[in-house]
1. Restricting to Cα pairs below 8 Å that are 6+ residues apart, what does the relative contact order work out to for region B:182-261? Please round to a whole percent.
2. For residue B:89 and residue A:107, what does the FRET efficiency come to when R0 = 45 Å and r is the distance between their Cβ atoms, rounded to the nearest 0.05?
3. How high is the relative contact order of chain B? Use alpha-carbon pairs under 8 Å, at least six apart in sequence, and give a whole percent.
4. Taking region B:129-210, how much of its Cα-Cα pair set, in percent, is spaced more than 19 angstrom apart?
5. Once you have all Cα-Cα distances for region B:20-290, histogram them in 5 Å bins from zero and send the whole-percent values.
6. Any chance you could give the angle, 0 to 90 degrees and rounded to 10, that helix B:250-270 forms with the longest Cα principal axis of chain B?
7. Students often get this wrong: which residues of region A:22-54 have the backbone nitrogen under 18 Å from the point 7 angstrom along Cα-to-C-beta of residue A:11?
8. Residues with amide H under 5 Å of residue B:150's amide H, sequence separation 5 or more or different chain, H placed in the peptide plane at 1.01 Å from N; which?
Amino acid sequence: MNPKIRNPLLLVVGIVIVGVVLQFSINAYIQILILQIMMYSIAAMGLNLVNGYTGQFSLGHAGFMAVGAYTSAYLSQIFPGFLESTHLLGFFLFSILSGCLAAVFGYAVGLPSLRLKGDYLAIVTLGFGEILRVTLLNIDTLGAARGITGIVPYPELGFLDRFWVSFVYISIWFFISLYAVWRLTRGRHGRQFLSVREDEVAALSLGLNTTHIKVKSFVIASFLAGIAGSIYAHLISIVSPSVFGFMMSVNIVVMVVLGGMGSFSGCILAAAFVTVAPELLRSLQSITGFDLRMVLFSLSLILIMIFRPQGLFGSKEIPDLWRSWKAKKL
Amino acid sequence: MIPESSDFFQHLVNGLSLGSIYALIALGYTMVYGVLQLINFAHADIYMMGAFASYYVSRWMGLEIEPGFYALTMALLTSMLACAVLGILIERLAYRPLRRAPKLNILITAIGVSLLLQFGAQVMFGADPKVFPTLIVDQSLIETPFLILKTLDVTVFAVTLLALLALHYLVYHTKMGKSMRAVSHSTVSASLLGINVNRVIVFTFVLGSCLAGIGSVLVGLKYPKIEPLMGVMIGLKAFVAAVLGGIGSMSGAVLGAMIMGLSEEFVVAYLSSTLRDALAFGLLIGILIWKPSGLMGKNTIEKV
């Protein structure tokens, strides 16, 4: 069969098989965790374009997730019947709108602030996240400090239950994002991003518009964060300003750095680690009586930075590692 | 709304005293940035640990029974000592192994240390707020129709002023201070001239942490509620103050902190208290876009 048809077909079959396996072998708690990992991976892959590929340090990614989440939440509040009548199509529409609005925010924030470098950029993006959070706290139509509750969850379709529909829906976005960033970074755009990261002055002297390139990666990252935010809104059913604070931004940055800057499979694995590790450590709490989860989490963060500064995978992907492992074995 | 003149002077005093607390913390950020080009995210949590250290020691020594000069001095000394030791430990264990690593890794480590201190403090001291003991009696010193000067505000000014004078002496009139300025100017040429860079960095951490320790006691006296997350917001604002003044410049940090303290006090007094936290970042974004090097920072030209 032609690989152009075969690969997507295999993907669809794969999603269905994995979904069936997850459905019948795992309890609801772990199912939700898996969905969250996929959601965070989408945001982390976007941020990887900015932090890993373009070398610009953004600490306000939770702000763009908040824009996406609130857009979806607000839309489903003012058009309550729309999602039910259109099935999954309405969710797609809302997600895309959320992503677009987040991208607009990304453009508005990125254009002035990407003139700055390094630590300054980190602080300005952090500041943007905080300002957005305080603004959301003060808008009464968006629920102020309470946030928006009772957001329409993913529906049950025919014989498919809620987990299945969410799984398929999030998988579709997950693979669209993965495919998009993969193609993007392996073409002309990816080389432009890398050239800005490696040496901005050299890129400038080659006639590249570095500001344009930086803003481009920032806007794409914000779009993906908006999508992740929209998924968050329908998955958790509650959005509130306190969720999208500094900790959420730090978590997403940690996923990128832990997985290795510029490695997409790395940042998916790191997203899994960051989401699952605090949950696994929950059992430790019942033994020691203290809430040691975050203590151990932050300690492991420091140790990984000291002993494996390039992250788990460096800039390699899992297929690269697989190939080199096979070559060594032969 | 037209501000009444009596209120105006009172807010001025409050703003200045808030500003001097910001200044003490902002100086720690700006000095460490000067020698290491690192935003020491853990600085705010060193400050929090100082508050807890002086809280426990003053409870243990029964300092609140006899408030006064002795009690204040003891609290300040314990807090400074605790912060200095913590600063040295953090530098030695977390930052020194990463001296040659990419900047992003050090930044992530700093965030990690900050989280570790925050959550470690929650495990050790409990997450509920504690009431800081009264170490000096707060009474009115001067009462005029325009303003009331209280002991606390005067203490905050006096202690800050003393600390700043001591800092000025240490940085501009001792050999160590001279090496510190040299390292801040250029690490490579300083080490070529035989300056022990690591020792200078440790010295800088000790200085910055001591100032944070002083700040923590003053905050404890003025707003007597301490908790493990007390450093987060004040740390961010002090950092903004440092950037506002031009990071790396010590007089800039003090100026920036005063501007921050005053503008915050007046915004809360005459506009809205919900704007308090957004103001700091709004101010920061404005200044960075208009003059990225800060008010008193040097313009750097990138050479190829």
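1. 15 percent
2. So the FRET efficiency works out to roughly 0.55.
3. Numbers: 471 pairs, mean separation 106.9, N = 304.
Relative contact order, chain B: 35 percent.
4. Every Cα pair in region B:129-210 considered, those over 19 Å come to 58 percent.
5. Taking every Cα pair in region B:20-290, the percentages come to 1, 6, 12, 17, 19, 17, 14, 8, 4, 2, 1, 0, 0.
6. For B:250-270 against chain B, the angle is about 40 degrees.
7. In region A:22-54, the label zone of residue A:11 (backbone N under 18 Å from the point 7 Å along Cα→Cβ) covers A:38-46.
8. Amide H neighbours of residue B:150: B:141.
FYI, it's all coordinate maths here, none of it is from the lab. Worth saying up front: this structure is predicted, and the values here are computed from it rather than measured. Backbone-built Cβ (ideal geometry, glycine too); neighbour counts: all protein chains shown.
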